[in-house]
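Scroll down for the structure; my scribbles are underneath it.
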Amino acid sequence: MSSLQDALNRRLEGRFSTGAVIGATFMLAIRRVHIFLPLALLCYVPVAFLGYGMIWIAQFVTLTSNSAYLGLMRFAAEMLTDVLFASLFITLVLAQISKISGSLDTAKVSLKATLVRIIPIYICGLLVAILSWTGFIILLIPGLYIMIITWVAVLVAIADRTGPIAAIRRSDSLIRGYRWHILGLVLLFFIFTALLERIIGGFSQYFGINLLMSSARDLSSYVLGTTLTLLLNQAVFGMLSGIAAAYSFVHLRRLKEGKSGAQLADIFK
């Protein structure tokens with residue numbers, strides 16, 4: 001048994017708490033950064049450069065009565081793309097965690113098995129995103145509540161091969177009894193996102209990313225530099241939140257149902 005596998009299984013055998021999830025998330029992120037960060041960058045490149053393209057489109061569209069319509073189109077396009085590649089990424093993360101915790105050192109994660117499920121997984125992720133945004137538009141509390149009960153909905157859709165509504169209900173059932181712990185995770189990730197944006201933004205300014213793009217201070221270099229900064233921000237946040245959700249799912253399944261990592265890993269063979 002590898003040292004990482006041993007450490008992960010010890011954590012999975014302990015009690016579920018906000019601190020336990022955060023600790024496991026950073027342990028996995030640091031010790032498998034050579035796997036998770038490139039995967040996150042690969043998955044979020046299309047999202048970042050869609051935003052880059054939308055900024056350029058906005059420069060050539062007259063901002064009159066159509067400005068609100070353009071903003072809505074941009075939001076919809078970015079959300080659709082973001083959910084798609086986030087769903088792909090979290091599927092790959094779950095496969096890696098299941099592989100580590102399931103003693104499957106020689107098993108290869110099948111990309112084909114991942115892609116076969118991507119459409120129902122994507123629909124589930126999209127429904128979760130729409131419900132969460134609707135909740136936040138109505139009021140903060142409904143949005144947070146929806147985020148809590150759907151914390152592992154996409155993971156359920158992956159592992160149980162269920163539809164989106166069944167996955168959300170199953171997620172709520174798994175999280176019942178641990179909702180305050182998940183609320184703590186959600187709030188911590190909100191705070192972490194704000195800090196990450198400040199840190200990466202300051203880092204990019206300090207090292208002059210825009211100057212590396214071009215010696216001229218034109219719009220193109222500014223937008224591209226901003227896009228690369230956002231890509232790094234999205235990749236790091238996506239990596240950590242994806243690992244946290246996947247670890248939560250594996251841990252809750254083990255606590256409530258006695259499901260081992262090997263049983264979960266079987267779905268990727």
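The values are calculated or read from the model by the stated rules, or taken from the named source; none is laboratory data. The shown structure was predicted, so the numbers you read here are calculated from the model rather than taken from an experiment. Every residue, glycine as well, gets a Cβ built from its backbone with ideal geometry; the counts of neighbours run over all protein chains shown.
In the range 40-56, what residues are touching a residue at least 60 places away in the same chain (Cβ under 8 Å) and under 15 Å from the mean Cα position of the chain (by Cα)? Matches in the range 40-56: 40, 41, 43, 44, 45, 47, 48.
May I ask you to verify whether residue 126 is at pLDDT 85 or above and buried (at least 21 other Cβ atoms within 10 Å of the Cβ)? Criteria not met by residue 126.
Please go through the range 178-207 and give me each residue that is at pLDDT below 70 and surrounded by 12 or more Cβ atoms within 10 Å (Cβ to Cβ), ordered by number.
Residues satisfying the conditions are 200, 201, 203, 204, 205.
The residue that is modelled with the lowest pLDDT, counting only those in the range 146-177 that are surrounded by fewer than 17 Cβ atoms within 10 Å (Cβ to Cβ) and assigned to a helix (DSSP H, G or I), is 160. Pairs under 9 Å by beta carbon, first residue over 21 Å from residue 99 (Cβ atoms) and at pLDDT below 75 in the range 4-17, partner outside any loop (DSSP other than H, G, I, E, B) and small (Gly, Ala, Ser), six or more apart or different chains? That search, which allows pairs on different chains as well, returns nothing. Within the range 18-62, can you find the residues that are at pLDDT below 75, of a type outside the set (Ser, Thr, Tyr) and either outside any helix (DSSP H, G or I) or surrounded by fewer than 19 Cβ atoms within 10 Å (Cβ to Cβ) (or both)? Scanning the range 18-62 gives 53, 54, 55, 56, 57, 58, 59, 60, 61.
Taking the criterion of being modelled with pLDDT of 80 or more, part of a helix (DSSP H, G or I) and surrounded by 15 or more Cβ atoms within 10 Å (Cβ to Cβ), would at least one residue in the range 63-75 satisfy it? Looking through the range 63-75, none of the residues is modelled with pLDDT of 80 or more, part of a helix (DSSP H, G or I) and surrounded by 15 or more Cβ atoms within 10 Å (Cβ to Cβ). Screening the range 127-179 for residues that are touching a Ser or Thr at 6+ places or on another chain (Cβ under 6 Å) and not aliphatic (A, V, I, L, M) and picking the one that is nearest to residue 251 (Cα to Cα) gives 171.
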